[in-house]
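The values are calculated or read from the model by the stated rules, or taken from the named source; none is laboratory data. Please read all numbers here as calculations on a predicted model, not as lab measurements. With ideal geometry, Cβ positions are generated from the backbone for all residues, glycine too; neighbour counts draw on all protein chains shown.
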């Protein structure tokens, strides 16, 4: 037994860790175990989706082999434990790129599929699952299922975004996208309120592939921020920026993110960032993965860990709902430095439990202050519920069952594909087993 | 003829060796020979490396680890197709100490695979390299070979054999064009140590260990402790007087 934490560091319960290193042995290791398990990659999801307290974790990071890359079609076949970082570094110099990547590249392919992760270009290219052509799923009864958008599509729709509950993903085939190099033409535009944000989002969707924004949810009730947008660009060979890695060396006894530091940080960040507004040529690593060089940054929230609260609400009510959430946060006195606001494109996700849906998504970090933090979440839940929105499973550690059921209308359909030998903290909390 | 560097890895399915190969090929395409016992597992490693470096020449040799004649023939065969720049001898297995104490057969196997076999391979390559006065022999030993401890002394004895052997080989080739590098990894996060990891042991990442090995081989260092802190730790352990050493449960 070994204590395992997820990215939010809210718990460190013991787990039976079973390391999967050899694809030919996965079946014998996951089949017919005495206790249910769940696949665990880099543990970058925030809550309990990758945890199974007192149970089995099948760690997949040893399944890290490439199998095939077709340089003329951009089809990549690899094992599920391969990191997105290793794919990007391999394929970008060869003229290809992952079409969709989340805000960190330190995640496995299997985890990216199971959480159907999205990136800054959702309005153009959808989520990670939209680019999977085929995947291999091993069920705990020994069945091996090959599925994709055109093959056993029901199993595919259950597994993409299925948070690991339909089987263990061991291999995937990804359709990469042509790219001329590692550079992006980017622009940072300040906005002073939500009206301006929505106008910028609207204006940017047609001409910009990547859009995202940082929002200051503290100063003057919240609402000002920076809108970042970017397009891949061909600027020839340039020297890539030296990535200096910093590490948060310790877990402080209390969160370093607090009432005072947040105010100072938000003010400083806003005013420093103001100098950087305008156009620039940016390397993909700092643009897509701004925090990856700050290793173990989750430790700044201290020994009690932190929650991430990411919701999506439909566009029609989006502005009101976001405004209402910012107001609640300001009222609570708690706040989030890493607040990200982004509009999703008008498209339906592949997976039955995929998170992205048309609308606007707001992601917030909160240090864990126990009851006080939960009270705030209840008020945010009410806003999400009224707006007919949903909360992202990859980030969640606490949402009430009824909000989950209301937010994910395809749940009943999904349940038919669950593997009875698989269970996670999240599945027991929200699905009863 | 090509001018790619020629690398040979004995025990190519070892995670440390495989990560060294990834780093070598990332620097520049090479001519790489992967040798192992299990054809399917070497095939998996070779396929991956081929995707990472399509310009590299990658050959697979399935071979015996213990039979001296077979080893001799295999190495002669490899050397026949051109001089070898670097041979990395990395195979081995980490047993439970208790199994070695209970079962002499298991004990013998551990000594053979971790001690005798690497020495036979190194000796076969040394014979060839002595003729051309060129090449590097890198042997993966272990910090466990520095002092016998009750928790793993049979494995430690085999690795200690590799240590003494490497010292002698370094003496033999001193001042020649043949370099001998002895690598002593501390506990590293690999499939071989999965059972330690499951118990919660803190292990060094295989990428960083491989990185230091590749740099050490390039610099031609005679002994590489990875991570470097193990040099200090093992120096202390080696010098502890028996009356102290015997009281600690390591």
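Out of B:75, B:79, B:45, report the one residue that is within 14 Å of chain A (Cβ to nearest Cβ), surrounded by 15 or more Cβ atoms within 10 Å (Cβ to Cβ) and assigned to a helix (DSSP H, G or I). First the steps, then the outcome.
Working: B:75 fails: within 14 Å of chain A (Cβ to nearest Cβ); B:79 fails: within 14 Å of chain A (Cβ to nearest Cβ).
Only one candidate qualifies: B:45.
Table: residues versus (1) in the same structural domain as residue A:368 (by TED's automatic domain parsing); (2) surrounded by 23 or more Cβ atoms within 10 Å (Cβ to Cβ); (3) touching a helix residue (DSSP H, G or I) at 6+ places or on another chain (Cβ under 7 Å).
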| residue | (1), (2), (3) |
| --- | --- |
| A:11 | no, no, no |
| A:24 | no, no, yes |
| A:80 | no, yes, yes |
| A:85 | no, no, no |
| A:90 | no, no, yes |
| A:96 | no, yes, no |
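What number goes with the only condition from (1) within 27 Å of residue A:415 (Cα to Cα); (2) crowded, with 17+ Cβ neighbours inside 10 Å; (3) in contact with a strand residue (DSSP E or B) (Cβ under 6 Å, 6 or more places away or on another chain) that residue A:343 does not pass?
(1)
Against the condition more than 22 Å from the chain's Cα centre (by Cα) and either more than 10 Å from chain B (Cβ to nearest Cβ) or on the phi < 0 side of the Ramachandran plot (or both), how does residue A:73 come out, does it pass?
On the way: more than 22 Å from the chain's Cα centre (by Cα): yes; either more than 10 Å from chain B (Cβ to nearest Cβ) or on the phi < 0 side of the Ramachandran plot (or both): yes.
When the stated conditions are applied, residue A:73 passes them.
Scan region A:308-335 and report the pairs whose first residue is surrounded by fewer than 19 Cβ atoms within 10 Å (Cβ to Cβ) and whose second residue is part of a loop (DSSP other than H, G, I, E, B) and at pLDDT 95 or above, with Cβ atoms within less than 6 Å and a gap of 6+ or a chain change.
A:317/A:387
Out of B:58, B:16, which single residue is closer than 23 Å to residue B:76 by Cα and either within 13 Å of chain A (Cβ to nearest Cβ) or in contact with a strand residue (DSSP E or B) (Cβ under 8 Å, 6 or more places away or on another chain) (or both)?
On the way: B:16 fails: closer than 23 Å to residue B:76 by Cα.
Matching residue, one of B:58, B:16: B:58.
For region B:139-155, how many residues are touching a residue at least 40 places away in the same chain (Cβ under 8 Å) and surrounded by 18 or more Cβ atoms within 10 Å (Cβ to Cβ)?
Kept after step one, since they are touching a residue at least 40 places away in the same chain (Cβ under 8 Å), are these residues of region B:139-155: B:139-143, B:146-147, B:149-155.
Add one more test, that the residue is surrounded by 18 or more Cβ atoms within 10 Å (Cβ to Cβ), and what stays is B:139-143, B:146, B:152, B:154-155.
The number of residues fulfilling the criteria is 9.
In region B:189-214, what count of residues is obtained for those that are modelled with pLDDT of 90 or more, within 21 Å of residue B:162 (Cβ to Cβ) and more than 10 Å from chain A (Cβ to nearest Cβ)?
Qualifying residue count for the region: 5.
Inspect all residues belonging to region A:34-49 and state whether any of them is within 11 Å of another protein chain (Cβ to nearest Cβ) and either crowded, with 17+ Cβ neighbours inside 10 Å or over 25 Å from residue A:122 (Cα atoms) (or both).
Going through region A:34-49, the residues within 11 Å of another protein chain (Cβ to nearest Cβ) turn out to be none.
Within region A:34-49, none of the residues are within 11 Å of another protein chain (Cβ to nearest Cβ) and either crowded, with 17+ Cβ neighbours inside 10 Å or over 25 Å from residue A:122 (Cα atoms) (or both).
Take residue B:158 and tell me if it is more than 28 Å from residue B:240 (Cα to Cα), surrounded by 15 or more Cβ atoms within 10 Å (Cβ to Cβ) and at pLDDT 95 or above.
Against the criterion (more than 28 Å from residue B:240 (Cα to Cα), surrounded by 15 or more Cβ atoms within 10 Å (Cβ to Cβ) and at pLDDT 95 or above), residue B:158 does not qualify.
When residue A:140 is evaluated against the numbered criteria (1) more than 20 Å from the chain's Cα centre (by Cα); (2) over 24 Å from residue A:58 (Cβ atoms), which criterion, by number, is the only one it fails?
In the conditions (1) more than 20 Å from the chain's Cα centre (by Cα); (2) over 24 Å from residue A:58 (Cβ atoms), residue A:140 misses (2) alone.
Could you go through region A:104-118 and let me know if any residue there is more than 15 Å from the chain's Cα centre (by Cα) and at negative phi. It would help to see each step written out before you state the result.
Of region A:104-118, the ones more than 15 Å from the chain's Cα centre (by Cα) are none.
No, region A:104-118 contains no residue that is more than 15 Å from the chain's Cα centre (by Cα) and at negative phi.
With the condition being under 22 Å from the mean Cα position of the chain (by Cα), in contact (Cβ under 8 Å) with a residue 40 or more places away in the chain and crowded, with 20+ Cβ neighbours inside 10 Å, I'd like the strands (runs of 3 or more DSSP E) fully within region A:150-233 carrying at least 3 qualifying residues. First the steps, then the outcome.
Numbers: elements: A:168-175, A:183-191, A:210-216, A:224-232.
Filter on region A:150-233 gives A:168-175, A:210-216, A:224-232.
Just checking, how many residues over region A:5-33 are facing chain B (nearest Cβ under 9 Å) and more than 24 Å from the chain's Cα centre (by Cα)?
So the count comes out to 7.
Would region A:95-105 turn up any residue that is in contact (Cβ under 8 Å) with a residue 12 or more places away in the chain and within 12 Å of another protein chain (Cβ to nearest Cβ)? Even if it seems obvious, please write down each step before you answer.
Of the residues in region A:95-105, the ones in contact (Cβ under 8 Å) with a residue 12 or more places away in the chain are A:95-105.
Filter once more, so that each one left must be within 12 Å of another protein chain (Cβ to nearest Cβ): none.
So far as region A:95-105 goes, no, none of its residues is in contact (Cβ under 8 Å) with a residue 12 or more places away in the chain and within 12 Å of another protein chain (Cβ to nearest Cβ).
For region A:383-398, give me each residue that is within 20 Å of residue A:351 (Cα to Cα) and outside any helix (DSSP H, G or I). Outline the logic, then answer.
Within region A:383-398, the subset within 20 Å of residue A:351 (Cα to Cα) is A:388-396.
A:388, A:389, A:390, A:391, A:392, A:396 - these are the residues of region A:383-398 that are within 20 Å of residue A:351 (Cα to Cα) and outside any helix (DSSP H, G or I).
Please find, among A:380, A:403, A:364, the residue that is buried (at least 16 other Cβ atoms within 10 Å of the Cβ), touching a residue at least 40 places away in the same chain (Cβ under 8 Å) and assigned to a helix (DSSP H, G or I).
Working: A:403 fails: touching a residue at least 40 places away in the same chain (Cβ under 8 Å); A:364 fails: assigned to a helix (DSSP H, G or I).
Going through A:380, A:403, A:364 in turn, just one is buried (at least 16 other Cβ atoms within 10 Å of the Cβ), touching a residue at least 40 places away in the same chain (Cβ under 8 Å) and assigned to a helix (DSSP H, G or I): A:380.
Do we find that residue A:118 is within 22 Å of residue A:356 (Cβ to Cβ) and in a helix (DSSP H, G or I) in this structure? Before the answer, list the steps.
Details: within 22 Å of residue A:356 (Cβ to Cβ): yes; in a helix (DSSP H, G or I): no.
No; evaluated as a whole, the condition is false for this residue.
Residues in region B:96-104: is at least one under 15 Å from the mean Cα position of the chain (by Cα), part of a helix (DSSP H, G or I) and free of Cβ contacts under 8 Å to residues at least 40 places away in the same chain?
No, every residue in region B:96-104 fails to be under 15 Å from the mean Cα position of the chain (by Cα), part of a helix (DSSP H, G or I) and free of Cβ contacts under 8 Å to residues at least 40 places away in the same chain.
Would you check if residue A:50 is farther than 20 Å from residue A:84 by Cβ and either outside the structural domain of residue A:306 (by TED's automatic domain parsing) or out of contact with any strand residue (DSSP E or B) (no Cβ under 9 Å at 6 or more places or on another chain) (or both)? Even if it seems obvious, please write down each step before you answer.
Values: farther than 20 Å from residue A:84 by Cβ: no; either outside the structural domain of residue A:306 (by TED's automatic domain parsing) or out of contact with any strand residue (DSSP E or B) (no Cβ under 9 Å at 6 or more places or on another chain) (or both): yes.
Judged against the criteria, residue A:50 is not a match.
Does residue A:77 count as part of a strand (DSSP E or B), over 22 Å from residue B:42 (Cβ atoms) and touching a strand residue (DSSP E or B) at 6+ places or on another chain (Cβ under 9 Å)? Full working, then the answer.
Working: part of a strand (DSSP E or B): yes; over 22 Å from residue B:42 (Cβ atoms): no; touching a strand residue (DSSP E or B) at 6+ places or on another chain (Cβ under 9 Å): yes.
Against the criterion (part of a strand (DSSP E or B), over 22 Å from residue B:42 (Cβ atoms) and touching a strand residue (DSSP E or B) at 6+ places or on another chain (Cβ under 9 Å)), residue A:77 does not qualify.
Quick one: in region B:184-221, which of the residues that are in a strand (DSSP E or B) and in contact (Cβ under 8 Å) with a residue 60 or more places away in the chain is surrounded by the most Cβ atoms within 10 Å (Cβ to Cβ)?
The initial filter retains those residues of region B:184-221 that are in a strand (DSSP E or B), namely B:184-185, B:188, B:204.
Still in the list and also in contact (Cβ under 8 Å) with a residue 60 or more places away in the chain: B:185, B:188.
Values: B:185: 24, B:188: 22.
For region B:184-221, the residue satisfying everything is B:185.
Please work out which one of (1) under 29 Å from residue B:43 (Cα atoms); (2) within 22 Å of the chain's Cα centre (by Cα); (3) more than 13 Å from chain B (Cβ to nearest Cβ) is the condition residue A:58 fails and give its number.
Of (1) under 29 Å from residue B:43 (Cα atoms); (2) within 22 Å of the chain's Cα centre (by Cα); (3) more than 13 Å from chain B (Cβ to nearest Cβ), only one is false for residue A:58: (3).
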